[in-house]
Amino acid sequence: MELIVPEVKPVLDAEFRPAALAWRAFANRIAGQSVPIRIAVEQGNGSTYVFERAIDRDTSSAATAVNLRFLERELKFLLWAVGGCRIHIDAPELLVGLLRDYIYRYSPNRLFDVDIMGPLIYGRPFEILHASGSAFPQASHVTLPLGRHTGGCRVAIDKGASDIKAYAEMDGEKTFASEFKWDPKPQADPAYHYEHILHALRAAAATLPRVDAIGVSSAGVYVDNEARVASLFRGVPRDKFQSDIVPMYHRIRKEFGGIPVVVANDGSVSALAGSMSLNRNRVLGVAFGSSLAAGYVDGTGNITTWLDELAFVPVDMNPLAPADEWSGDRGCGVQYLSQQAVNRLLGPAGIDVPADMGVPERLEHVQALMKKGDPRPPKIYQTVGAYFGYALAHYANYYDIGTVLVMGRVTTGEGGDIILQVANEVLAREFPHLSIDVRLPDEASRRVGQAAAAASLPQIGAA
């Protein structure tokens, strides 16, 4: 497998090998000697997404190893971007067998995917099936409207790993916008989470004569307002997660008299915020916060049933790339486009911080140094910008992107402008065929824009 050195080098990461460049080099190398394959990702809710790819026709052991590596990374991307519990692959049976019976049976990182994509999200066993000819399923897509409701007294929160952003409005006029610190990941007691969330909602509600609806933007996978997988609650034991966390927003709805409550993935809400503010569709929204959140609004202004969990999607093909702290997999987006990326780059930038300083506080320290004109922080933001440009080119292999709206705490201040500048340089130099408008919202929207968009999620008067 050929790992390509990028033209726009991340100044603090000489070993970065972008997935976008590796895929392009692979496609060029097998041109004229490729064989088509198909992958169908079935979600179990009426949606099946089909992707057509190509691999090397060569069946030698060396070519098979390269084909398997790319197929494994392809499936990893599809599992976390699209999501599914049953995978149908129309490809040489040897490759499918190696993927199913070896990699997804014995690799600890892949067992993480199997557990989450099977029982936790879709409530059924995870399967990989060899399917050719008529056994291969037809594509079937479901899209869903999201938000855009206005009027009345609305309260919303946007939950991150370091703070809860709360927002309130009355007939479209903002009455409250603030942030409340919390530290949810290590907390094992569900009461900690419930009380902090309720406190933020009540603080916002206190500025209104009444509350007609509540919208919630939160990291994780939510179905019918119930958490299925959420890193914010990773400290809660599974039995308490099921008994206390899953029904939490039903309980909150009762606290507020049974008004409409809608919970959506924070990435979807960031895409909604971009679509609403720019009056555009085909919008990929990304938020560089404690993790990497993403969401997509399609050409009709709706969201798909994709998970858009790009934090777990590989963007670096270097086999020795940094490992994600949760899944253990290497080269995933969370280590490149979030507060965790800033934290990882402190050492290479020559910035020392106390060992007991939290990751959010470390980002604040970098931002404070940036304001003072310290020459080290810009290198961090330049590196993140290079990561972002190559990641966007890779995302464009899967998403029809017209506009990208970038939000989140990492983009606050001058650092966000550097990230945007370098990402655009990557796209112009390496991928001039792509026409992607990458934007930062105004400074206030970068911090509370998702909470404001979340306020539009519920329809007042809906059951």
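The values are calculated or read from the model by the stated rules, or taken from the named source; none is laboratory data. In this text, all values refer to a predicted model and were calculated from it rather than measured experimentally. As a convention, Cβ positions derive from the backbone with ideal geometry for all residues, glycine included, and neighbour counts pool all protein chains shown. Note: accessible area is taken over every heavy atom of the protein model, side chains too, but ligands, DNA and RNA are not part of it. Shrake-Rupley method; radii C 1.70, N 1.55, O 1.52, S 1.80 Å.
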Fill in the blank from the handout: Check: C-alpha center region 183-241 vs C-alpha center region 359-390, spacing in Å is 30 Å
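What 222 nm value per residue comes from the helices of the chain, counting each DSSP H run with n ≥ 4 as -39,500 (n - 2.57) and dividing by all residues, nearest 500 deg cm²/dmol?
For the chain, the value works out to -10500 deg cm²/dmol.
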Handout entry: Net dipole in debye of the chain [+1 Lys, Arg Cβ; -1 Asp, Glu Cβ; about Cα centre; nearest 20]
Key = 200 debye
Practice task
Report, to the nearest whole %, how much of the accessible area of the chain belongs to carbon and sulfur atoms, 1.4 Å probe, protein only.
Solution key: 51 percent
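Under 12 Å from the Cβ of A293, count the other residues' Cβ atoms, weight Lys and Arg +1, Asp and Glu -1, and hand me the total.
Neighbourhood net charge equals -2.
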Practice task
State which entries of K159/K181; K76/K240; K9/K379 exceed 20 angstrom in Cα-Cα distance in the structure shown.
Solution key: K76/K240
Exercise for the section: Whole number in Å², please: accessible area per residue of the chain, 1.4 Å probe, ligands, DNA and RNA not counted. Expected result: 39 Å²
Handout entry: For a label point 7 Å along the Cα-to-beta-carbon line of F136, residues of region 91-107 with backbone N under 13 Å
Key = 91-93
Fill in the blank from the handout: Within the chain, the percent of DSSP beta bridges that are antiparallel, given to the nearest 5, stands at 65 percent
Problem - Ordering of 288-301, 170-183 by burial proxy (mean other Cβ atoms within 10 Å per residue, highest first) - result: 288-301, 170-183
Fill in the blank from the handout: For the pair L94 and N397, the simple spin-label estimate (label points 7 Å beyond Cα toward Cβ) gives in nm 2.3 nm
Handout entry: Backbone N under 20 Å from the N45 label point (7 Å along Cα→Cβ), restricted to region 289-321
Key = 293-313
Problem - Degrees separating the helix 339-349 axis from the principal Cα axis of the chain, which is the longest one - result: 70 degrees
Handout entry: Rounded tilt (10° steps) of 414-430 against the dominant C-alpha axis of the chain
Key = 30 degrees
Practice task
Working from Cα positions, state the angle (0 to 90°, nearest 10) between the long axis of helix 266-278 and the longest principal axis of the chain.
Solution key: 80 degrees
Completion exercise
Residue span R234 to E15: 0.36 nm per residue of separation minus Cα-Cα distance leaves a gain in nm of 75.8 nm
Handout entry: Spin-label model distance (nm) - T150 vs A323, 7 Å beyond Cα toward Cβ
Key = 5.1 nm
